[in-house]
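Take a look at the structure below.
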Amino acid sequence: MKPELVMVGPMMPHVMEALDSDFTVHRLWEAEDRQALLAEVAGKVRAIATSGHLGADAAMIDALPKLEIISCYGVGVDAIDLKHAAKRKVIVTNTPEVLNDDVANMAIALLLATSREIVNGDRYVRAGKWLKGAMHLTRAIRGRKLGILGLGRIGKDIARKAEVFGMEIAYHGRSRQDGVSYSYYDDLVEMARDCDFLVAICPGGPATDKIVNRAVLDAIGPEGTFINVARGSVVDEAALVAALQEGTLGAAGLDVFAEEPKVPEALFAMDQVVLQPHAASATQETRRAMGDLVVDNLRAHFAGKPVLTPV
Ligand code: NAP
Ligand code: 8YV
């Protein structure tokens, strides 16, 4: 008999096919009444497949008393109640490493898009303004200082790539990282004050909630740029909008937002802001690899083997 699994939202076709072949899949997003579906399958379901966005809260975990594993499509697990899962002895897996390259590339793309004003340049050409004269000069990134909030797997990849562009690297986290020569700041405001760019790539959740507050944004300053590829929760979004409106923060490149897919409309009119729809890992290649990991973790668990990437 195939193990039974609740899928919280749809995934790529190859993931759906693989799960359908090995599991009896209950599609929660198709249910008219989610609670009724959970109640109906409660006695049988041993796994959840979810995403970093949809997560799994304590109520969902409690609705499934036979639950053994939650396999998450995404490395960030802030939307999963990890404490509750641990209490219930439910294994949680995520998709680390396979997305480092593309997420780091998005951070670099936003660095370049904001400093070289790629989107403004595109608009300039399309609006026929070039015919009337050259666009204003933009800013180089060579020789400028990049502060990384969260020098983990992805943060280190961003640092390596930014070095190739000739940037000077600093970082902030709760502790100094081994094996790196970048300057460590134990104070985020101090790092922001010393940097031209601040890139957030730490986990979301209560420990980092609004860690990028008004004081940090002011410290980045009117000539500085804030890039967020972490989670919308890590920045005080109202303070960010105000700082950009008032010009106390120079520019921003934002892939993530507090209430996705809702984005503060005030940002839409700002030429100094480049927006992305939480797309840092969204290449066909990386999303395929993430999907494979979701399936491989589930298969390993139900084959009696250790999971590949436990949280
Ligand atoms: P990771 O390897 O665990 O690195 C996380 C880093 O954040 C570590 O260096 C850690 O250093 C630091 N950190 C953790 N808690 C902190 C705190 N309270 N204050 C300051 N720094 C803290 O994780 P990763 O694989 O690089 O992924 C990082 C995050 O990126 C994910 O959790 C996810 O939210 C986000 N992400 C976003 C996208 C996207 O599509 N935009 C894609 C992938 C990942 P210390 O332990 O020393 O503090
Ligand atoms: C995904 C992400 O887009 O891995 C993460 O933490 O934010 C992204 O790669 C997301 O998890 C899918 O919902």
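The values are calculated or read from the model by the stated rules, or taken from the named source; none is laboratory data. Just so it is clear, the model here is predicted, and its values are computed rather than measured. We place every Cβ from the backbone using ideal geometry, glycine too, and count neighbours over all the protein chains shown. Ligands, DNA and RNA are stripped out before the accessible areas are found, and what is left, the full protein with its side chains, is counted by its heavy atoms. Shrake-Rupley method; radii C 1.70, N 1.55, O 1.52, S 1.80 Å.
Does segment 17-91 come out rounded, prolate or oblate, given a ≥ b ≥ c as the square roots of the eigenvalues of its C-alpha gyration tensor, rounded meaning a/c under 1.5 and, failing that, prolate meaning a/b above b/c? Display every interim value, and only then the final one.
Working: a/c = 1.41, a/b = 1.19, b/c = 1.19.
Rounded, because the longest to shortest axis ratio a/c is under 1.5.
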Quiz prompt | chymotrypsin sites (Phe, Trp or Tyr not before Pro) within segment 158-222: DSSP coil, no more than 12 neighbouring Cβ in 10 Å | solution = none
Quiz item: Ignoring any ligand, DNA or RNA, what whole percent of the accessible area of the chain comes from carbon and sulfur when the probe is 1.4 angstrom?
Solution: 53
Practice problem: May I have the pair-distance distribution P(r) for the chain, computed from all Cα-Cα distances with 20 Å bins from 0 and rounded to whole percent? | Solution: 31, 51, 18, 1
Quiz prompt | segment 175-282, dipole about Cα centre (Lys/Arg Cβ +1, Asp/Glu Cβ -1), debye to the nearest 20 | solution = 180
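Under the classification rounded if a/c is under 1.5, otherwise prolate if a/b is larger than b/c and oblate if not, where does segment 226-311 fall, given a ≥ b ≥ c as square roots of the Cα gyration tensor eigenvalues? Mind dumping the intermediate values first?
Details: a/c = 3.89, a/b = 2.89, b/c = 1.35.
It comes out prolate by the Cα gyration axes.
With every protein chain kept in place and ligands, DNA and RNA left out, what is the accessible area per residue of segment 100-275? Probe 1.4 Å, answer in Å².
49
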Self-check item: Selected from F226, F23, F257 as most flexible by GNM, with the chain as the system and alpha-carbon contacts under 10 Å
Solution: F23
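Report the antiparallel proportion of the DSSP beta bridges in the chain as a percent, rounded to a multiple of 5.
Values: 2 of 43 bridges.
Expressed as a percentage, antiparallel bridges in the chain total about 5.
Relative to the Cα centre, what is the charge dipole magnitude of segment 167-231, using +1 at the beta carbon of each Lys and Arg, -1 at the beta carbon of each Asp and Glu, and rounding to the nearest 20 debye? Numbers along the way, then the final one.
On the way: 6 positive and 10 negative charges, 65 e Å.
Using Cβ point charges on Lys, Arg, Asp and Glu, segment 167-231 gives about 320 debye.
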Quiz item: Under 27 Å from the Cα of K89, which lysines turn up, not counting those fewer than eight places away in the same chain?
Solution: K2, K44, K66, K305
Self-check item: For segment 1-62 versus segment 251-311, the gap between their alpha-carbon centres in whole angstrom
Solution: 19
Quiz prompt | Which listed pairs, of K156/K210; K156/K262; K87/K262, have C-alpha distances above 24 Å, in listed order | solution = K156/K262; K87/K262
Quiz item: Which three extents, in whole angstrom, do the alpha-carbon atoms of segment 127-242 cover along their principal axes, largest first?
Solution: 52, 34, 22
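Using +1 on the beta carbon of Lys and Arg, -1 on that of Asp and Glu, and nothing else charged, what's the dipole of the chain about the Cα centre, debye to 20?
Numbers: 34 positive and 41 negative charges, 93 e Å.
For this selection, approximately 440 debye.
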Self-check item: Dipole of segment 100-275, positive end: most advanced residue of L110, L217, G166 [Cβ charges, Cα centre]
Solution: G166
Quiz prompt | Sorted largest first, extent of segment 1-140 alpha carbons per principal axis (Å) | solution = 70, 29, 26
